[in-house]
Each structure stands twice: as C-alpha cells, then as structure tokens.
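The values are calculated or read from the model by the stated rules, or taken from the named source; none is laboratory data. Given the structure is predicted, the values throughout are model-derived calculations rather than measurements. We place every Cβ from the backbone using ideal geometry, glycine too, and count neighbours over all the protein chains shown.
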Amino acid sequence: MDQRKKNRLMMAATLVLLAATAFLITRNEQFIFRDEGRLEVLRDRSDPQTLIFTWRSDVDVPMARRFAEAFDEWRGEGDRIILDLHSPGGAIAEGEQVIRVIERMKRTHIVDTRVRRGYKCYSMCVPIFLHGERRIAGETARFMFHEPTVRDFYSGEKVRIPAFEQARTTRRFVERYFVNSPTDPEWLERLLAEWGGRDVFKSGHALLAEGSGIVTELE
C-alpha cells in the first residue's frame, strides 16, 4: 500500500473517531441534562385555596426548574401548596436546588409534603419531604435512608471511595439535611447506627410510631 492510501485511511479513521467522540459527548449531555421530569399541578377539590404539585420521577434535572416554573405560574391561585411525592431519590445537587425553591414558596405560602399509601420517598427525596410544615404519609408509604453515594459525572456509575472520605461525606450530608430538620435527634442516632453501608426502609406508620419527627400524620 502506497503512502497516499495510508494517509487516506488514517484520515478516515480519524474522522470516524471524532464522530464517535462527538456522539458520546452528546449522549452524555442528553443523559445529564435530560428533560424527563413531569410536574402536574391541580387544585385540591376539597379546598380551592390548596394547590397540589405532584412529582412522580427522580430527584434530578429538571425537578427544581419545574417546581420554580409552576410556583411562578400558580402562586396567585391559592395560599397552600401540597408537594405530593413519589420518587426513588437521585442527585443531591438537584435536591438542594429543589429545597431552595421550597424555601422561596414558604415565604408566602403554607407548604406541606405528602407521600401516599404504597408510594415511595427514597434517598434524597427524604430531605425534600422534611421541608413540609405538615408531613403526611400513607401507612404503607415507603421511605428509604442510606449513606450518600459518589457517582461518576458522565456514566452515573457508583464510585467507591476510601472509608474516611465516605465517613466525612456522610457526616456532612447528615448535618446539612437531618440535624437541622424536624428529625428527632435520638431517633436519628439510632438510624445512623443502623444504616452503615446499607439501605434502611421504614413505612409511614413506623416513622410516626417511632417518633422520628419525619412524618407528622397519616392520611
């Protein structure tokens, strides 16, 4: 094969590689910034001054934006908002943004949270739930607590980190979202002793019966 043909093949291979790289970058961006979350807003039939914001998806982009947009659109239609949640949890960073939106809502509205019978509120969903004034749950609603995990930015896969770093990450997470919350301190201590390295599941009924402070009433 002469040099000219070799150069053409090398150029073609380079172009294929660049195209594949561009595709992977685009796919990763679509994954990271996907727009799958849907927020439904309804007026409570029993109380026209109460709005129900229903979220049935991960705690992930674009959850905070959806809540902010819905609040801006509906804020003049009532004086109370129920955040009706059903979520497997998700990104801490997005959950933090959602909490900031909730705090803005609470300046002018009563904000309650709810997880219905048979629905779930896992992981980062729980700190969001804790920002309701009334925190309502079905008896069989499922809540899950676990240590925060570190994930690869592009792949989303869980990354193993040294034990000391995991302990520091967990401590910061607990201090930020549970210590400064309605959670009962003694109950929290028992939870921390139980959850090391594993998922802890509690029903709405159990959380109320145990005096956790997380659930204030059953529906």
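Miscellaneous remarks
- Positions within the range 92-134 being of a type in the set (Lys, Arg) and more than 15 Å from Trp55 (Cβ to Cβ), in sequence order: Arg100, Arg104, Lys106, Arg107, Arg117, Arg134
- Here the condition is being part of a helix (DSSP H, G or I) and within 23 Å of Ser212 (Cα to Cα); of Glu73, Glu69, Glu96, it holds for Glu96 alone.
- Residue among Arg104, Arg114 that alone is in a strand (DSSP E or B) and touching a residue at least 12 places away in the same chain (Cβ under 8 Å): Arg114
- Residue in the range 71-82 that is of a type in the set (Asp, Glu), over 17 Å from Glu217 (Cα atoms) and crowded, with 18+ Cβ neighbours inside 10 Å present: no
Yes/no per residue for (1) over 29 Å from Val200 (Cβ atoms); (2) in contact with a helix residue (DSSP H, G or I) (Cβ under 6 Å, 6 or more places away or on another chain); (3) modelled with pLDDT of 95 or more; (4) not hydrophobic (A, V, I, L, M, F, W, C):
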{"position": "Phe23", "(1), (2), (3), (4)": "yes, no, no, no"}
{"position": "Thr26", "(1), (2), (3), (4)": "yes, no, no, yes"}
{"position": "Glu29", "(1), (2), (3), (4)": "yes, no, no, yes"}
{"position": "Gly37", "(1), (2), (3), (4)": "no, yes, no, yes"}
{"position": "Leu51", "(1), (2), (3), (4)": "yes, yes, yes, no"}
{"position": "Ser87", "(1), (2), (3), (4)": "no, yes, yes, yes"}
{"position": "Arg100", "(1), (2), (3), (4)": "no, no, yes, yes"}
{"position": "Lys106", "(1), (2), (3), (4)": "no, no, yes, yes"}
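- With respect to the conditions (1) surrounded by fewer than 19 Cβ atoms within 10 Å (Cβ to Cβ); (2) in a helix (DSSP H, G or I), Pro148 falls short on a single one, namely (2).
- Residue check, Trp187 touching a Ser or Thr at 6+ places or on another chain (Cβ under 6 Å) and either closer than 18 Å to Arg142 by Cβ or not hydroxyl-bearing (Ser, Thr, Tyr) (or both): yes
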